[in-house]
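Okay, structure first, notes after.
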Amino acid sequence: MSQRWATFDCYGTLIDWNAGIGSVLERFWGAEQAPKLLERYHELEPQVQAEEFRTYAEVLSLTLERLAREVGSGPPEGEAGALPRSLPEWPPFPEVGNALRELRNRGWYLAILSNSDRDLIAASQRRIGVPFDLAIVAEDVHSYKPAHGHWERFYELTTADRERHVHVAQSHFHDIVPANELGLTSVWINRLGEQGDPKPTREIPDLTPLPDVLDELVPA
């Protein structure tokens, strides 16, 4: 029987990027404005990613700069790189470690497919504390999801059986839509109670039930 693979988006799925980005926005613009600015940040970042290939550190800094331009006041001098500097400290969601350890115990192979840089994902993997068999980042494929480059590289490197592979992610736009385009089994970690079409194969609110859900989708 071939290996069972679970691929994961990282930021928003495993790592609480809203807490990480939000804390930086709060530091610069205050607790009252931070939630609305965070929403706007998430609108601007995909636009920056779609323009041309930049490293994720550059994307983070440029998105913050554009947000500051809209607000009409910027981060203090020397703080343009505040987001990439803060990323290694962004926390994992509380249930992530246990869920990933249980998946490894059940024989699943784990990979990260992330819109990130090699050094940044390495820092986040250390925070997560559970080993992954593979990590593929935007820096490797010179494109950002929802483009298909991450998945193409994943199949190149692993020759994984598509019928025994499940993609797990929080972002409908970046991950569930392209997984559907590629005909993949997907689990939407819908932490924010969003609506989205196309529908994933399964939808759960966090990773707590994930080991049982994946075993149901791809029995050992």
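The values are calculated or read from the model by the stated rules, or taken from the named source; none is laboratory data. Keep in mind it's a predicted model, so treat the numbers as computed, not measured. Every residue, glycine as well, gets a Cβ built from its backbone with ideal geometry; the counts of neighbours run over all protein chains shown. Note: accessible area is taken over every heavy atom of the protein model, side chains too, but ligands, DNA and RNA are not part of it. Shrake-Rupley method; radii C 1.70, N 1.55, O 1.52, S 1.80 Å.
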Query raised in the report: What percent do you get for the relative contact order of region 64-145 when only Cα pairs under 8 Å and 6+ apart count?
Result: 29
Query - Using alpha-carbon coordinates, inclination of helix 56-71 to the longest axis of the chain, degrees - result: 40
Query raised in the report: Cβ under 12 Å from GLU89's Cβ, GLU89 left aside: what net charge do those residues give with Lys, Arg +1 and Asp, Glu -1?
Result: +2
Report summary line: In nanometres, the difference between 0.36 nm per residue of separation and the alpha-carbon distance of GLU203 and ARG104 is 33.5 nm
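By the scheme Lys and Arg +1, Asp and Glu -1, what is the net charge of all other residues having a beta-carbon under 13 Å from that of VAL187? Don't skip to the answer; put the middle values down first.
On the way: positive: ARG191, LYS199, ARG202; negative: ASP9, ASP175, GLU203, ASP206, ASP212, ASP215, GLU216.
Overall, the nearby charge balance is -4.
Using a 1.4 Å probe, what is the accessible area per residue for region 56-176, in Å²? If you can, show how the numbers build up before the last one.
Values: 5200 Å² over 121 residues.
Here the per-residue accessible area is 43 Å².
Nearest-5 percent of antiparallel DSSP beta bridges in the chain? Before the final figure, lay out each step's value.
Values: 1 of 21 bridges.
Roughly 5 percent of the beta bridges in the chain run antiparallel, per DSSP.
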**Report entry** Residue of LEU87, LEU62, LEU192 that the Gaussian network model of the chain assigns the largest fluctuation, springs spanning Cα pairs under 10 Å
**Finding:** LEU192
**Report entry** region 120-220, relative contact order in percent, only Cα pairs under 8 angstrom and at least six apart counted
**Finding:** 18
Query - Accessible surface of the chain [probe 1.4 Å, protein heavy atoms]: carbon and sulfur percent - result: 48
**Report entry** region 12-87-region 136-206 distance, computed between alpha-carbon centres (Å)
**Finding:** 24
**Report entry** On Cα atoms only, tilt of 118-128 relative to the major axis of the chain in degrees
**Finding:** 70
Query raised in the report: Which order, highest average first, do 162-173, 196-207 follow once you tally other Cβ atoms within 10 Å for each residue and take the mean per peptide?
Result: 162-173, 196-207
Report summary line: Neighbours of LEU110 by Cβ distance under 12 Å: Lys/Arg at +1, Asp/Glu at -1, summed charge +2
Requested in this report: Normalise the Debye intensity by I(0) for the chain, one equal point scatterer per Cα, no solvent, then take log10 at q = 0.09, 0.14, 0.16, 0.17 Å⁻¹ and round to two decimals.
Outcome: -0.35, -0.84, -1.09, -1.23
Query - For peptides 179-186, 35-42, sequence by mean Cβ density within 10 Å, most packed first - result: 179-186, 35-42
Requested in this report: List the relative contact order of the chain as a percent without decimals, with contacts defined as Cα pairs under 8 Å and 6+ residues apart.
Outcome: 24
**Report entry** Check: the chain dipole with +1 on Lys, Arg Cβ and -1 on Asp, Glu Cβ, in debye
**Finding:** 400
